[in-house]
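Have a look at the structure below, then the notes.
The values are calculated or read from the model by the stated rules, or taken from the named source; none is laboratory data. Keep in mind that this is a model prediction, so the values were computed, not measured. Here the Cβ is made from the backbone with ideal geometry for all residues, glycine too, and neighbour counts use every protein chain on show.
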Amino acid sequence: MKFKPRIRAKKGTTVCSTCKTNERRPGQRTCTECHAAYQRENRKPYSELTDEQRMKIKARAYANVYKQRGLLIQQPCKCGNTNSQMHHEDYNKPLEVDWLCRECHLEHHQQAA
């Protein structure tokens with residue numbers, strides 16, 4: 001894998017930092033075309049993922065669909081932060097999620113390691 005240094009766009013510009021021609025995606029540094037090219041070059045194909053990685057992807061996607069349909073309601077974190085993320089203790093149970101804020105989620109994974 002070749003390392004390609006990123007060229008950052010100047011603050012306040014809406015031009016892609018990679019190609020310098022297309023408009024950036026909202027909240028991102030690159031345009032859709034450059035992002036897609038980067039993903040094609042660097043992301044493993046689904047067929048090359050391990051069974052465990054596939055199970056995690058499926059569980060997250062399943063839970064996200066339920067959340068989008070309103071069948072899985074986002075809860076605040078145990079610390080009270082309403083900006084919470086889904087955390088799966090067991091990927092075989094995709095709808096059993098703990099709602100953790102970013103800080104608590106990172107802390108939880110540091111303790112588990």
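Taking residue 92, is it modelled with pLDDT of 95 or more, more than 17 Å from the chain's Cα centre (by Cα) and of a type outside the set (Asp, Glu)? Quick ask: steps written out before the conclusion?
Details: modelled with pLDDT of 95 or more: yes; more than 17 Å from the chain's Cα centre (by Cα): yes; of a type outside the set (Asp, Glu): yes.
Yes, satisfied.
Do the conditions hold for residue 53, that is, is it outside any helix (DSSP H, G or I) and either at pLDDT 95 or above or within 29 Å of residue 112 (Cβ to Cβ) (or both)?
No; evaluated as a whole, the condition is false for this residue.
Considering only residues that are more than 25 Å from residue 57 (Cβ to Cβ), in contact (Cβ under 8 Å) with a residue 12 or more places away in the chain and of a type in the set (S, T, N, Q), look in the stretch 12-46 and name the one that is surrounded by the most Cβ atoms within 10 Å (Cβ to Cβ).
18
Looking at residue 104, is it more than 19 Å from residue 59 (Cα to Cα), in a loop (DSSP other than H, G, I, E, B), hydrophobic (A, V, I, L, M, F, W, C) and in the same structural domain as residue 60 (by TED's automatic domain parsing)? If you could, list the steps in order and put the result at the bottom.
Details: more than 19 Å from residue 59 (Cα to Cα): yes; in a loop (DSSP other than H, G, I, E, B): no; hydrophobic (A, V, I, L, M, F, W, C): yes; in the same structural domain as residue 60 (by TED's automatic domain parsing): yes.
The answer is no for residue 104.
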